[in-house]
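A short worksheet on the structure shown next.
The values are calculated or read from the model by the stated rules, or taken from the named source; none is laboratory data. What you see is a predicted model; the values in this text were computed from it and never measured. All Cβ positions, even for glycine, are placed from backbone atoms using ideal geometry, and neighbour counts span all protein chains on display.
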Amino acid sequence: MVSSSTPHSFPVSGQKILIVDDDRLNIRILEGILNKIAGYVTAESYSGESALAVYDTFQPDLVLLDVMLPGIDGFETCRRLRQQYGEKCAPVIFITAKSGSDDVVEGLGAGAVDYLPKPFKPKEVVARIRTHLQNRALVEQQILLVEQLSRANSAKNRFLGMAAHDLRNPLASIRGLAEFLREGAVGRLSADQLDLINTIHDASQSMLIMVNELLDVAAIEAGDLKLTLEAQNLTDLVAKSVSLTNFEAAKKGTHVEFTPPTDPLVLPIDPAKMKQVLANLLSNAVKYSPPGSTVRVTTQFDLPAATCSFSVRDEGPGIPAGERDKLFQDFSRLSVKPTGGEKSTGLGLAICRKIVEAHHGTIVAENLPVRGCEFRVTLPLSP
């Protein structure tokens, strides 16, 4: 049975409340308070079993549920509602003359949000119900906002992916043509022409790196990060990455130092993705260290923990105070600047973190005692 009426002194809210009680007098009292004073629409039920059926058709915004009912009691009725409707279940307030702590604990454990004691006090009834309805409305607004933000984020990732994909081929062509001209394919270049070609090459290379990172982020956030795990010697992987980085580091008079361990460090990783992590950490170390400094790379095997790790130590300014939370976030840049005017997208470390976590590993950064910073990646020895 559903009833409603127009209140005398409060605006009609139109929100629906299911009252479950085997005492019809209690239901009439509550309907009088909720319909006439607060303007709510009500439905009534006299047992737990019928409450489950009425709930499905009435779809209430809140349930007032008596503890002592024929058939299944209020606690079991509440549990079944929670099991059936999950997070979308309307808040349940128990109405009972019992006020013992054990009853309260059992009711909250069953999924209720509050207790309403008998005999009813109209102002208390209205205040408690209004509070929980407002709380539910806020939760629903938050859920809606999260869904909207999720859709907007997905649209942003699709746009970035499409834009980056369309830009990558032209940029690669520009870089390739610059290399073609720099090698003298169309004749000898003057010093000014060579300087101009080098500028075009460096700019296109920086933009290509940015585009590739945007594609990586879009793919990762879309859930397209797929690992191809292979048994790899981490030491060999690190050594090759160090060798490649030293070519670029030499331009700043910087050297990357790595002394490989005697024993191989074999573990299941995606070699291409882990090379990307290594390349990013090494290039960052060179980028933020002063010219002529030394970047030190080490590897470590921890048998008790069944992990293997590598670390990159630079001689830069370290992580500024209060900026640690920005470190592995998308598009975040710290206040420190590259020492050679190098470009930064603010995406590299975020990509590293996501790749490492996909390997079920961890990546951390700590300032060193004197100067510089250490980035350490720890990976499990088994998938």
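Observations on the model:
- Taking the numbered list (1) buried (at least 16 other Cβ atoms within 10 Å of the Cβ); (2) farther than 25 Å from I37 by Cβ in turn, A90 passes all entries but (2).
- Residues of the stretch 235-282 satisfying the condition of being surrounded by 22 or more Cβ atoms within 10 Å (Cβ to Cβ) and of a type in the set (V, I, T): V238, T245, T254, V256, I269, V277
Yes/no per residue for (1) out of contact with any helix residue (DSSP H, G or I) (no Cβ under 9 Å at 6 or more places or on another chain); (2) at pLDDT 85 or above; (3) among the aliphatic types (A, V, I, L, M):
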| position | (1), (2), (3) |
| --- | --- |
| D202 | no, no, no |
| Q205 | no, no, no |
| L208 | no, no, yes |
| N212 | no, no, no |
| L215 | no, no, yes |
| E221 | no, no, no |
| D236 | yes, yes, no |
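- Screening I95 against (1) closer than 30 Å to I143 by Cα; (2) at pLDDT 90 or above; (3) in contact with a helix residue (DSSP H, G or I) (Cβ under 9 Å, 6 or more places away or on another chain) leaves a single unmet condition, (2).
- Sole exception among (1) closer than 30 Å to T199 by Cα; (2) in contact (Cβ under 8 Å) with a residue 24 or more places away in the chain for S335, by number: (2)
- Output for the stretch 367-383, where each listed residue is out of contact with any helix residue (DSSP H, G or I) (no Cβ under 9 Å at 6 or more places or on another chain) and either among the β-branched types (V, I, T) or free of Cβ contacts under 8 Å to residues at least 40 places away in the same chain (or both): P369, V370
- Residue among A164, A152, A178 that alone is crowded, with 17+ Cβ neighbours inside 10 Å, in a helix (DSSP H, G or I) and at pLDDT below 85: A164
- Residue in the stretch 49-64 that is in contact with a helix residue (DSSP H, G or I) (Cβ under 7 Å, 6 or more places away or on another chain), charged (D, E, K, R) and surrounded by 23 or more Cβ atoms within 10 Å (Cβ to Cβ) present: no
- Residues of the stretch 133-186 satisfying the condition of being under 29 Å from the mean Cα position of the chain (by Cα) and hydroxyl-bearing (S, T, Y): S150, S154
- Only a single item in (1) part of a helix (DSSP H, G or I); (2) within 20 Å of L52 (Cα to Cα); (3) not charged (D, E, K, R) is not met by G71, and it is number (1).
- Set A97, A185, A155: member being under 30 Å from L64 (Cβ atoms) and not basic (K, R): A97
- When the stretch 51-80 is filtered for residues that are under 17 Å from N26 (Cα atoms) and either touching a Gly at 6+ places or on another chain (Cβ under 6 Å) or free of Cβ contacts under 8 Å to residues at least 12 places away in the same chain (or both), the ones remaining, listed by number, are L65, D66, V67, L69.
- Flag not set for T235, criterion: touching a Pro at 6+ places or on another chain (Cβ under 7 Å), within 22 Å of G318 (Cα to Cα) and among the β-branched types (V, I, T).
- Scanning the stretch 81-97 for residues that are touching a Leu at 6+ places or on another chain (Cβ under 6 Å) and touching a residue at least 24 places away in the same chain (Cβ under 8 Å) yields A90, P91, V92, I93, F94, I95.
- Yes/no for E230 being among the acidic types (D, E) and at pLDDT 90 or above: yes
- So E49, is it more than 36 Å from the chain's Cα centre (by Cα), part of a helix (DSSP H, G or I) and of a type in the set (D, E): yes
Rundown of residues vs (1) assigned by TED's automatic domain parsing to the domain that holds L18; (2) modelled with pLDDT under 90, yes/no style:
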site	(1), (2)
I29	yes, no
S50	yes, no
K88	yes, yes
R136	no, yes
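- Filtered residues of the stretch 93-132 (kept if among the aliphatic types (A, V, I, L, M) and either under 19 Å from T42 (Cα atoms) or surrounded by 13 or more Cβ atoms within 10 Å (Cβ to Cβ) (or both)): I93, I95, V104, L108, A110, A112, V113, L116, V125, V126, A127, I129
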